[in-house]
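K.L.:
Right, I'll just put the structure down here and ask away after.
The values are calculated or read from the model by the stated rules, or taken from the named source; none is laboratory data. As the structure is a prediction and not an experimental result, all values here were calculated from the model. FYI the Cβ positions are ideal-geometry reconstructions off the backbone, even for glycines, and counts take in every protein chain you see. With ligands, DNA and RNA removed, areas are computed over all heavy atoms of the protein, side chains included. Shrake-Rupley method; radii C 1.70, N 1.55, O 1.52, S 1.80 Å.
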Amino acid sequence: MSKKTAWLLQLINDDPIDPIRIQKGMFLFAMESGAPKSETYDFVPYNWGPCSFEVYGDLEQLLEKGFIDRVPVPGATWHRYRRTEDGARQAALTA
């Protein structure tokens, strides 16, 4: 797992979080954490604020590995994400 993906898994917890808040969280992390550039996503201006399309690919990887799951949002075409028990264990290892 890349360090970027590990940071992403740290952001997602038991409380479902929507994609816009994930993007904002990772953007703020990139701007304020002091982490090396190699450990943060690159962002571009987009419809609802800064966006890194790489985040979506990493979310899919985390889903495939069973570290997060999707939570449906009634009446919406998008999902929220939350960390699974396996994801919590993995996050503890990479913290």
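K.L.:
Considering only protein heavy atoms and a probe of 1.4 Å, how much of the accessible area of the stretch 32-95 is carbon and sulfur, as a whole percent? Walk me through the numbers on the way to the answer.
P.N.:
Details: 2240 of 4260 Å².
Carbon and sulfur: 52 percent of the exposed surface of the stretch 32-95.
K.L.:
At 222 nm, what helix-only mean residue ellipticity would the chain give, in deg cm²/dmol to the nearest 500, using -39500 (n - 2.57) for each DSSP H run of four or more?
P.N.:
Per the formula, -14500 deg cm²/dmol.
K.L.:
Which FRET efficiency value, to the nearest 0.05, is calculated for residue 85 and residue 44 with the Förster distance at 30 angstrom and r the Cβ-Cβ distance?
P.N.:
With a Förster radius of 30 Å, E is 0.30.
K.L.:
Just to check, using Stokes-Einstein with a Kirkwood Rh over alpha carbon pairs, what's the diffusion coefficient of the stretch 23-92 at 20 °C and 1.002 mPa s in µm²/s?
P.N.:
158 µm²/s
K.L.:
What list of ³J(HN,Hα) couplings, whole Hz, do you get for the stretch 58-71 from phi and the Karplus terms 6.51, -1.76, 1.60, once you set θ to phi - 60° and write x for glycine and proline?
P.N.:
Result, rounded to whole Hz: 5, 4, 5, 4, 5, 5, 4, 7, x, 7, 9, 9, 8, 10.
K.L.:
Let me ask something else about it. Show me, for the stretch 28-38, the HN-Hα J-couplings you get by feeding each phi into the Karplus relation (A = 6.51, B = -1.76, C = 1.60, θ = phi - 60°), rounded to Hz, glycine and proline as x.
P.N.:
4, 4, 4, 7, 10, 7, x, 5, x, 3, 5
K.L.:
Here is a follow-up. Per residue, how much accessible surface does the chain expose to a 1.4 Å probe? Answer in Å², no decimals.
P.N.:
Working: 5840 Å² over 95 residues.
About 61 Å² of surface per residue is accessible.
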